[in-house]
Amino acid sequence: MKLNAITIKDIARALGLSASTVSRALRDSYEISEETKKKVRDYANENKYRPNLAALSLRKGKSRSIGVIVADIANNYFSQIIGGIESVANEKGYNVIITQSKDSAEREQMIINDLTSRSIDGLIVSLAAGTTDYSLFEEMIEQGVPIVFIDRIAEHIETHKVTADNFTGAYNAVQHLAKSGYKKIALIANNRNLSISRERIDGCMKAFEELELEQDGKWVQFCAAGGSDDREIEKVITSLLDMKNRPDALLTLSDTLSLKTLRILKRKQVRVPEEIGLMGFSNFNNSELLDPALSVIYQPSVEMGSVAAKLLLADIESKRPVTSFTKQVLSTRIITRKSSAPAHS
């Protein structure tokens with residue numbers, strides 16, 4: 001049997017009262033007798049009455065809800081970002097509506113339409129790998145809905161942005177691999193549209209030039225599906241391993257790519273680091289328990305989420321139009337483990 005939520009009008013009809021009397025009774029108004037209040041509350045509780053939050057938000061002008069869009073909630077990195085967002089939002093009394101794009105631009109657009117129909121007060125978004133059209137975000141901002149981009153950003157849109165220091169993180173990773181004796185470092189990147197891919201590759205290239213390391217255009221590979229397609233990743237890894245001028249180390253430039261690359265290498269029985277070194281961007285909590293333990297560029301994900309939420313709520317609660325925006329870049333750190341240790345001859 002389908003259960004339909006009852007309304008104030010339903011309670012009024014059942015008790016022979018006016019809708020305004022029921023509304024005031026539920027709000028504990030002094031104008032209503034205690035006897036009537038009790039009668040209304042009892043009936044409301046017995047019939048599982050819930051206030052219409054959308055209607056309340058229209059009356060108050062705020063829904064006290066913010067939307068969050070990330071690529072994949074199951075990804076440790078994004079779940080940590082969400083944790084940082086919720087810690088700030090919940091303390092301020094805001095509800096957080098968490099969604100995932102699965103790196104699909106079409107799904108991202110559907111989510112935005114759904115969230116705006118719910119009258120959210122603001123949005124925190126990490127762009128889907130396939131996103132190339134940013135018009136919906138621009139329309140939201142024009143309509144007065146604050147947006148904060150986190151991690152994967154649209155550089156040209158005037159709003160707050162929070163990222164990790166992707167350039168320096170990638171630069172330092174190449175420096176570490178080179179010190180471990182690796183001379184032919186291949187890069188496996190996320191979708192080339194993403195800001196994180198461009199920034200991380202730029203950092204690697206800077207280090208390659210300074211260290212005068214050998215470069216090969218085929219050693220830079222992109223995964224258009226953003227790491228969600230295992231077959232795509234395996235094809236990229238296979239092509240690198242089969243090269244005549246084969247790289248001696250792989251640097252994976254996203255969290256998902258890092259873990260899946262290690263899994264594929266193990267399945268192919270390629271020994272790490274004896275046959276090929278491996279290092280990657282990853283916030284996987286148990287990287288040290290992998291075999292071999294994975295060297296990583298670790299991003300301050302929880303702090304990023306916290307900073308993004310503070311920026312968004314400040315905009316939402318501002319009594320004046322916000323016209324000045326910041327881009328906050330948080331430092332990464334290198335954690336070296338066995339996967340990038342010097343290879344045995």
At 7 Å along Cα-to-Cβ for each site, give me the label-to-label distance between Ile334 and Lys206 in nm.
1.4
Considering amide H positions built from the backbone, and no H for Pro or chain starts, which residues 5 or more places from Phe222, or on another chain, come under 5 Å of its amide H?
Ala189
Sketch the reach of a paramagnetic label on Gln175 as a point 7 Å from Cα along Cα-to-Cβ, and name the residues of segment 194-217 whose backbone nitrogen lies under 17 Å away.
200-213
Take every Cα-Cα distance within segment 174-304, group them into 5 Å bins from 0 onward, and report for each bin the whole-number percent of pairs it holds.
2, 10, 22, 25, 23, 13, 4, 1, 0
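Give me the extension gain from Asp216 to Asp42: residue separation times 0.36 nm, minus the current Cα-Cα distance, reported in nm with one decimal. Don't jump to the answer; show the numbers that get you there.
On the way: separation 174, 0.36 × 174 = 62.64 nm, distance 7.45 nm.
Full-extension gain reported as 55.2 nm.
Across every pair of different alpha-carbon atoms, what Kirkwood hydrodynamic radius in Å does the chain reach? Write down the numbers at each step before the final one.
Numbers: mean 1/r = 0.0441 Å⁻¹.
Roughly 22.7 Å, rounded to one decimal.
Could you pull out every whole DSSP H run in the chain that spans at least 15 Å of Cα extent along its own axis and averages 0.0 or higher on the Kyte-Doolittle scale? Present the calculation step by step, with values, prior to reporting the outcome.
Numbers: long enough: 34-46 (18 Å, -2.28); 76-91 (23 Å, 0.07); 105-117 (18 Å, -0.54); 166-179 (20 Å, -0.27); 195-211 (24 Å, -0.42); 230-241 (16 Å, 0.03); 255-267 (19 Å, -0.22); 301-317 (24 Å, 0.89).
In the chain, the long hydrophobic H runs are 76-91, 230-241, 301-317.
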Cα-Cα over 28 Å, subset of Lys102/Lys327; Lys218/Lys268; Lys218/Lys327; Lys244/Lys338; Lys102/Lys266; Lys206/Lys244:
Lys218/Lys327
Extension length gain for Arg118 and Leu289 (0.36 nm per residue less Cα distance), in nm, is 57.3 nm
Report, in debye and to the nearest 20, how large the dipole of the chain comes out about its Cα centre when Lys and Arg carry +1 and Asp and Glu carry -1 on their Cβ.
920
Could you tell me the extents of segment 41-164's C-alpha atoms along the three principal axes, largest first, rounded to whole Å?
53, 33, 26
As an exercise, use a Förster radius of 35 Å and the Cβ-Cβ distance of Asp248 and Lys92 to find the FRET efficiency, rounded to the nearest 0.05.
0.10
The lysines whose Cα lies under 22 Å from the Cα of Lys39, excluding any fewer than 8 residues away in the same chain, are Lys9, Lys48
How do the peptides 94-102, 282-290, 237-245 rank, highest first, by the average count of neighbouring beta carbon atoms within 10 Å per residue?
94-102, 282-290, 237-245
Arg231-Thr323 pseudo-label distance in nm [points 7 Å out on the Cα-to-Cβ vector]:
5.4
Using a simple spin-label model with points 7 Å from Cα along the Cα→Cβ vector, what separation in nm is obtained for Ala19 and Ile157?
3.7
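Under the Kirkwood approximation for Rh and a Cα-based Rg, what ratio Rg/Rh is obtained for segment 106-176? Intermediate values should be presented prior to the final figure.
Working: Rg = 14.5 Å, Rh = 13.5 Å.
Dividing the radius of gyration by the Kirkwood radius yields 1.07.
Quick note: the coordinates plus some simple rules give every number you see, no bench work behind them. Treat the numbers as computed from the prediction; the structure is a model and nothing was measured. Positions of Cβ are backbone-derived with ideal geometry, glycine not excepted, and every protein chain shown enters the neighbour counts.
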